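Read the structure below first, then the notes.
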Amino acid sequence: MPTPNRTRQPRPVRSTRSAIGPRHLHPGAWWLWAIGLGAAASRTTNPLLLLLIVAVSGYVVAARRSTEPWARSYTAFVKVALAVLGIRLLFTVFLGSGVGGTHVLFTLPQLPLPDWAQGVRIGGAVTLEGLLYSLYQSLRLATLLICVGAANALANPARLLRALPGALYEAGVAAVVALTFSPNLVADVQRIRSARRLRGRSDKGLRSLLSVGLPVLESALERSVSLAATMDSRGFGRTADLPRRVARSIGALTLTGLLAVCVACYGLLTEGTVRWALPVLLIGLAALGAGLLLGSRRSVRTRYRPDPWAWREWLVAGSGLAVAGLLIWLSGRDPAAFNPPAVPPTVPELPLLPALAVLLGLLPAFVAPAPPRPGAPK
Amino acid sequence: MIHFEQVSVQYHDAAAPVLGGLDLTVPEGELCLVVGPSGVGKSTLLGAVNGLVPHFTGGVLHGRVTVDGRDTREHRPRELADLVGMVGQDPVAHFVTDNVEDELAYGMESLGIAPEVMRRRVEDTLDLLGLAELRDRALSTLSGGQQQRVAIGSVLTSHPKVLVLDEPTSALDPGAAEEVLAVLQRLVHDLGTTVLMTEHRLERVVQYADRVLLLTPDGPARFGDPAELMALSPVYPPVVGLGRAAGWSPLPLSVRDARRRAAPLRAALEGRTPPVVPPVTTEPVAVVSRLTLKRGPNPVLRGVELALRPGEITALMGRNGAGKSTLLGALAGLYKPDSGTISAAGLTPHRSRPKELIRRVGLVPQEPRDLLYAETVTAECAGADHDSGTPPGSCRALVARLLPGIDDTLHPRDLSEGQRLTLALAVVLTTRPDLILLDEPTRGLDYAAKARLVTVLRELAADGHAVLLATHDVELAAELAHRTVILAEGEIVADGPSAEVVVSSPVFAPQVAKVLAPLPWLTVTQVSDALRTPA
C-alpha cells in the first residue's frame with residue numbers, strides 16, 4: 001500500500017550512515033569476524049593456539065569497544081569461560097576422566113560404589129594425562145565463549161537485529177524486547193525486595209527471593225502489555241497483502257534453507273571434512289536468501305539510516321574468515337600440531353604458520369573505525 | 001478534527017458504562033484539555049481517539065469516533081498511526097528502541113516512509129524539540145524531561161495531525177514540565193497540530209488550553225472556554241482559586257493574567273502578614289550528618305546534613321535525579337552510606353533488622369503498589385499486623401479512618417491511585433513509626449485525594465510524628481510543609497521555613513506567591529481567610 005508520505009527524492013540524498021569518521025562498524029562484520037575466530041578455535045585443542053586466539057580477541061575488544069553499556073559484557077563472558085574451565089577440571093579431579101594415564105599426581109580416597117554403577121568413579125587417582133586432556137578440551141569451549149563475548153562487546157546485539165532482512169523483522173523485534181526485558185526484570189526484583197524490607201520482612205535468603213516472584217511477574221506482564229499498546233499505536237505490524245501462493249513458497253523456502261544450512265554446518269565442523277557439506281551449504285543459503293527476499297515484500301517497513309558496508313567491513317569480516325579458512329586448511333595438513341596428545345603428556349608446541357594465521361585476526365584493531373564517543377563535541 | 005458521537009464505553013466487569021453518551025467536536029489546531037476527578041473516564045476518552053479503546057483494551061464502544069474522517073471502528077490503532085500520535089504518562093514504557101535517533105525513526109519505519117524523508121524529518125524533529133545534542137545518547141541515560149520530549153518527538157516524526165497526551169508532566173519536576181509544555185505550545189502555534197491532553201496538575205497547563213472538556217461523575221460533560229468552565233469545575237488550580245476568592249470575572253488562568261488584576265488585592269493585603277507558623281524546636285528524631293552515598297560509580301548524595309524533628313513536616317524538592325529518593329531510601333535503611341552517619345530514632349538504619357526498623361521509620365515508596373502483596377484489603381491489613389506484631393485489627397482501624405467506606409474484598413490493584421496510596425500509608429503507619437517518609441505521594445492524585453492526604457499528614461504531625469516528603473508539587477509544599485529542603489546534584493542548596501525558601505525561587509514558588517509577590521502569601525486558604533477577617 002503506498003502511503004501518502006512516500007515521496008521520491010533526487011538520488012544524491014544519502015540514506016545510509018556516512019562511512020567517514022568515527023562510527024559503529026556494521027555489526028554483521030564484527031559477528032563474522034568473531035565467528036571466524038570461533039570456527040578456527042573449534043579446529044584445535046592446542047592450548048597455545050587457543051590462548052593466542054583469546055589474546056587476539058581481547059586486544060581487538062580493548063582497542064575498539066565503545067563506552068556503551070553492552071561493551072562491558074566482554075568481562076562477563078571471560079568470567080563465564082573461566083568458570084566453565086574450573087568446573088570441568090573439578091569434575092576431572094573428583095570423577096576421573098576417560099583417559100588412562102601413568103603420571104599420578106595425587107590420590108583421593110575413592111568412594112566404593114555398587115556393581116551397577118560400573119564406569120562411574122568418585123575419588124581415586126588423579127593423573128596428569130586426565131587433567132591435561134580436560135584442560136585442552138575445556139579451553140576450546142572457553143575460547144569459543146570468549147569469541148562470542150567479543151562480538152557482543154563490539155556490536156550491540158540490538159543493532160545486529162536491526163540489520164535483519166524485512167521478513168525476519170518481527171522475530172528481531174521480539175528478540176530486542178526480550179533483551180531489554182532482562183535488565184528491567186533485575187531492577188524489578190531489586191525494587192520489590194527492598195519494598196519487602198520496608199514491610200519489616202527480611203530481604204535476605206532464598207525465601208525472600210522466591211516470594212517476590214509473583215509481584216515481579218505481574219509488573220513484567222504489565223510492562224509487556226503497555227509496550228504492546230504503544231507499538232500498536234505506532235504502526236507496528238502494518239503489512240502488505242500477498243497472494244497465498246507466494247506466502248506459502250516463502251515458508252517452504254525459508255524452512256528448507258534453514259535445515260540445509262544446519263546440516264551443512266554440522267558436516268563442516270565435524271572432524272574430517274565431509275564432501276557433501278559445502279554444496280549443501282550453498283544450496284541452503286540460496287534457498288534461505290530467496291525466501292527472505294520474497295518475505296520482505298510482505299512488510300511495508302523501510303529502514304532508517306542502515307549501517308553502511310564499506311571496505312572496512314570487508315576487511316574486518318575477511319580477516320576473521322581468513323583465520324578460519326587458513327586454520328581449517330592447515331589443520332588438515334598437520335593434525336598433530338593442532339591436537340597435541342595428552343597421552344603421553346608432552347609440552348605443546350606453537351606451530352608457526354597457524355600462529356601467524358591467527359595473528360591476521362588482529363587486523364580489525366587497526367582498520368575498524370573508532371566508535372563515536374557520545375557526549376563528545378563533534 | 002476529532003468527532004465523538006454519542007460515545008459510551010462499557011467494560012466487561014463494570015456495572016455502569018464510562019462516558020455516558022458523549023458528544024464532542026475538537027476543531028483542528030486547538031489544544032484541548034480534559035479535566036475531571038479520577039475515575040470519570042479521561043484515559044478511556046483518550047484511548048478511544050486512536051482506537052486502543054476498544055480494539056486493545058476490550059469492552060464495547062457505542063456510538064462513533066472519527067478522526068479526520070477515519071472511523072475507529074474500521075481502523076485499528078496501527079492504521080491510525082500516521083494520523084494520531086499517542087504519548088502516555090511514563091515515557092519509559094513508550095520506548096521500543098534504545099537510543100534517541102532510532103526511537104525518533106521507529107514510527108516512520110513502521111509506516112514505510114522513504115529513507116530520505118525519514119532522515120530529514122529526524123533532523124527537523126531534533127531541532128524542533130531541542131534534542132540535537134542528545135541524538136546518540138542511550139534513552140536510559142536521559143533525564144525525565146528529556147525522555148518525555150523524546151517520547152513526544154517519536155510520534156511527531158510521523159507528522160500526525162492529532163497528538164494525544166495522557167498526563168505528560170505528572171512525573172516531571174517543574175523545570176522539565178515547562179520544557180515539555182513549551183514544545184506543545186510550539187506545535188499548536190507553528191504546526192497547527194490538534195492536541196488533546198489530560199493533566200492533574202492544572203496549574204501547569206490550563207493557561208495553554210484553547211478549550212476545556214469538563215467531565216464530572218454526575219451530570220453531563222461540558223465543553224468550552226477554559227475561564228468559563230473553571231468557574232464551575234470541582235478541580236481547579238490555585239490561581240483560579242485566588243480569582244474565585246477575590247471575585248474576579250472572567251477568572252484568570254495564568255499568573256500573568258492574575259498579576260495584572262491583583263493590584264487592588266495586593267493593596268488590600270498590604271501591611272498584613274499571613275499567620276506565622278512557629279518553627280518547630282523539638283529535639284531531632286533523625287539526624288543525617290555528612291552523608292555521602294554512591295549508587296554505581298557516581299556519588300548521588302554528597303555530604304548531606306539534615307535534622308528532622310517530631311511534629312514537623314519537611315518537603316524535599318529538587319530535579320528528577322537530584323538524589324531525593326536515595327536520601328529517603330538511606331533513612332529507611334535501604335542503602336548503606338559510603339561515609340557519614342545516619343541516626344533515625346536511635347537506630348542506624350542500614351544495620352538494623354527490618355522488623356525493628358519499621359517501628360521507628362516508615363517509608364511509602366514512589367510506587368505504593370510495591371508495598372502491597374495480598375489479594376484483598378483485609379488480607380493486606382492482617383499481613384501488616386502480622387509483620388509489625390501489633391494486635392490484630394490495628395491496621396484495619398487505621399484504614400477505616402483514612403479510607404472510610406472502602407470495600408474490604410477489593411484487590412489492591414483495583415483501587416484508585418489515591419486509595420492505593422492511602423492503603424500503603426495505613427500499612428506503614430500500623431507500627432506508628434516516629435519518622436514517616438513519603439516519596440512523590442501526589443503523583444497521579446486529583447485535587448480531592450490530595451486534600452485528604454494533606455489532612456492526614458497534618459494530623460500525623462500534630463500527633464508528634466516527623467514527616468519528610470519528597471515531591472515536585474510546589475503547591476503541596478507551600479500548603480503543607482513547615483520547612484522546605486532543596487536538593488541539587490546530591491547537595492542541599494536551601495533549607496529553611498517553606499515561606500522563605502519557596503518564595504525566593506522562581507521555579508519552586510507556588511502560583512499565589514508569584515501573583516502576590518513581593519507579599520509573603522503562599523496559599524489560597526491564607527488569602528481567603530485574610531479577606532474574610534477585615535484588618
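Rule-based calculations on the coordinates, nothing more; no lab input. Just so it is clear, the structure is predicted and the values come from calculations on it, not from any experiment. All Cβ positions, even for glycine, are placed from backbone atoms using ideal geometry, and neighbour counts span all protein chains on display.
How far is helix B:377-388 tilted, in degrees, relative to the longest principal axis of the Cα atoms in chain B, given as a value from 0 to 90 rounded to the nearest 10? Tilt relative to chain B: about 30 degrees.
Is the C-alpha gyration tensor of the range B:2-227 telling us rounded, prolate or oblate? Criteria: a/c under 1.5 is rounded; beyond that, a/b larger than b/c is prolate, otherwise oblate. Present the calculation step by step, with values, prior to reporting the outcome.
On the way: a/c = 1.81, a/b = 1.45, b/c = 1.25.
Cα axes put the range B:2-227 in the prolate bin.
With a 10 Å cut-off around each Cβ of B:136-144, the average count of Cβ atoms from other chains is 3. Extending 7 Å from the Cα toward the beta-carbon at both residue A:51 and residue B:225 defines two label points whose distance is 8.6 nm. Taking the average, over residues, of other Cβ atoms within 10 Å as the packing measure, peptides B:422-434, A:350-362, B:167-179 rank B:422-434, B:167-179, A:350-362 from highest down. By the gyration tensor of its Cα atoms, with a ≥ b ≥ c the square roots of the eigenvalues, what is the shape of the range B:286-522: rounded for a/c under 1.5, prolate for a/b over b/c, or oblate? It is oblate, given that a/c is not under 1.5 and a/b is not larger than b/c.
What FRET efficiency comes out for residue B:343 versus residue B:133 if R0 is 41 angstrom and r is the Cβ-Cβ distance? Round to the nearest 0.05. According to the calculation, E is roughly 0.45. Considering only A:335, A:228, A:324, the residue lying farthest towards the positive end of the dipole of the range A:226-378 is A:228, judged by Cα position with unit charges set on Cβ. Once you reduce the range A:318-378 and the range B:31-60 to the center of their Cα atoms, the two points are 60 Å from each other. Spatially, the range B:479-500 and the range A:187-240 are offset by 34 Å when compared through their Cα centroids.
Considering only B:17, B:456, B:84, the residue lying farthest towards the positive end of the dipole of the protein assembly as shown is B:84, judged by Cα position with unit charges set on Cβ. The modelled label-to-label distance for the pair residue B:448/residue A:178, using points 7 Å beyond Cα in the direction of Cβ, is 4.7 nm. Inter-chain neighbour count for B:237-245: the average number of beta-carbon atoms from partner chains within 10 Å of each residue's beta-carbon is 0.
Of the chymotrypsin sites (Phe, Trp or Tyr not before Pro) found in the range A:197-290, those in coil by DSSP whose Cβ has at most 12 other Cβ atoms within 10 Å are A:276.
How big is the antiparallel share of DSSP beta bridges in the range B:286-522, given as a percent to the nearest 5? Restricted to the range B:286-522, the bridges split so that about 55 percent are antiparallel.
The charge dipole of the range B:286-522, taken about its Cα centre with unit charges on the Cβ of Lys, Arg, Asp and Glu (plus for the first two, minus for the last two), comes to roughly 560 debye. Note that the range A:212-221 has calculated 3J(HN,Hα) couplings of 7, x, 5, x, 5, 4, 4, 6, 5, 5 Hz, one per residue in order, obtained from phi through the Karplus relation 6.51 cos²θ - 1.76 cosθ + 1.60 (θ = phi - 60°); glycine and proline are x. Among the residues of B:354-362, the average count of other protein chain beta-carbon atoms within 10 Å of the residue beta-carbon is 3.
Determine the gain in length on full extension of the stretch residue A:222-residue A:290; use 0.36 nm per residue of separation and subtract their C-alpha separation, reporting nm with one decimal.
Extending this stretch completely gives an extra 20.6 nm.
Simple rule: put +1 on each Lys or Arg Cβ and -1 on each Asp or Glu Cβ in the protein assembly as shown, find the dipole, and look at A:187, B:286, A:311; the Cα lying farthest toward the positive end is A:311. Most simply put, chain B has about 50% antiparallel DSSP beta bridges, counting only bridges with both residues inside it. Computed extension length for residue B:390-residue B:140: 85.8 nm, one decimal, from 0.36 nm per residue of separation with the Cα-Cα distance subtracted. For the range B:451-535, GluC sites (Glu not before Pro) meeting the loop criterion (DSSP other than H, G, I, E, B) and having at most 15 other Cβ atoms within 10 Å: B:489. Can you give the angle from 0 to 90° between the axis of helix A:244-269 and the longest principal axis of chain A, with both taken from C-alpha atoms, to the nearest 10? Roughly 20 degrees, rounded to the nearest 10.
Counting only DSSP beta bridges with both residues in the protein assembly as shown, what percent are antiparallel, rounded to the nearest 5?
Working: 43 of 77 bridges.
Of those bridges, close to 55 percent are antiparallel.
Quick one: dipole size for chain B, taken about the Cα centre, charges +1 on Lys/Arg Cβ and -1 on Asp/Glu Cβ, in debye to the nearest 20. Before the final figure, lay out each step's value.
Working: 51 positive and 65 negative charges, 267 e Å.
That gives chain B a dipole magnitude of about 1280 debye.
Report, in deg cm²/dmol and to the nearest 500, the calculated mean residue ellipticity at 222 nm for the protein assembly as shown, where each DSSP H run with n ≥ 4 adds -39500 (n - 2.57) and the sum is divided by the residue count. Don't jump to the answer; show the numbers that get you there.
Working: 36 runs with 421 residues, N = 913.
The per-residue figure over the protein assembly as shown is -14000 deg cm²/dmol.
Filter the cross-link list B:324/B:450; B:294/B:514; B:161/B:514; B:42/B:450; B:161/B:450; B:324/B:514 down to pairs whose alpha-carbon distance in this structure exceeds 28 Å. Walk me through the numbers on the way to the answer.
On the way: B:324/B:450 20 Å; B:294/B:514 37 Å; B:161/B:514 36 Å; B:42/B:450 18 Å; B:161/B:450 35 Å; B:324/B:514 25 Å.
Table pairs above 28 Å Cα-Cα are B:294/B:514; B:161/B:514; B:161/B:450.
Is there a quick way to get the dipole size of the protein assembly as shown? I mean about its Cα centre, with the Cβ of Lys and Arg at +1 and of Asp and Glu at -1; what is the value in debye to the nearest 20? Show your work: numbers first, answer last.
Numbers: 91 positive and 80 negative charges, 431 e Å.
Here the protein assembly as shown has a charge dipole of around 2080 debye.
Classify the range A:140-232 as rounded, prolate or oblate, taking a ≥ b ≥ c as the square roots of the eigenvalues of its Cα gyration tensor: rounded when a/c is under 1.5, otherwise prolate if a/b is larger than b/c and oblate if not. Oblate is the answer for the range A:140-232, as a/c is 1.5 or above yet b/c matches or exceeds a/b.
Please return the longest stretch of chain A lacking exposed loop sites, where GluC sites (Glu not before Pro) count only if DSSP places them in a loop and at most 15 other Cβ atoms lie within 10 Å. Present the calculation step by step, with values, prior to reporting the outcome.
On the way: sites that count: A:271, A:349.
Between the exposed loop sites, the longest stretch runs A:1-270.
In this simple spin-label model, placing a label point 7 Å from the Cα along the Cα-to-Cβ direction at both residue A:117 and residue B:62 gives a separation of 7.4 nm. With neighbours defined as other Cβ atoms within 10 Å of a residue's Cβ, the residues A:26, B:75, A:103, B:159 order from fewest to most as A:103, B:75, B:159, A:26.
Can you work out the FRET efficiency for the pair residue B:73 and residue A:355, with r the C-beta to C-beta distance and R0 = 56 Å, to the nearest 0.05?
Values: r = 70 Å, r/R0 = 1.25.
Computed FRET efficiency for residue B:73 and residue A:355 comes out at 0.20.
Relative to the longest principal axis of the Cα atoms of chain B, helix B:115-128 runs at roughly 40 degrees. Restricting the trypsin sites (Lys or Arg not before Pro) of the range A:201-256 to loop positions (DSSP other than H, G, I, E, B) with no more than 14 neighbouring Cβ atoms within 10 Å leaves A:204.
Round to the nearest 0.05 the FRET efficiency obtained for residue A:189 and residue B:379 when R0 = 22 Å and r is the Cβ-Cβ distance. Walk me through the numbers on the way to the answer.
Working: r = 23 Å, r/R0 = 1.05.
So the FRET efficiency works out to roughly 0.45.
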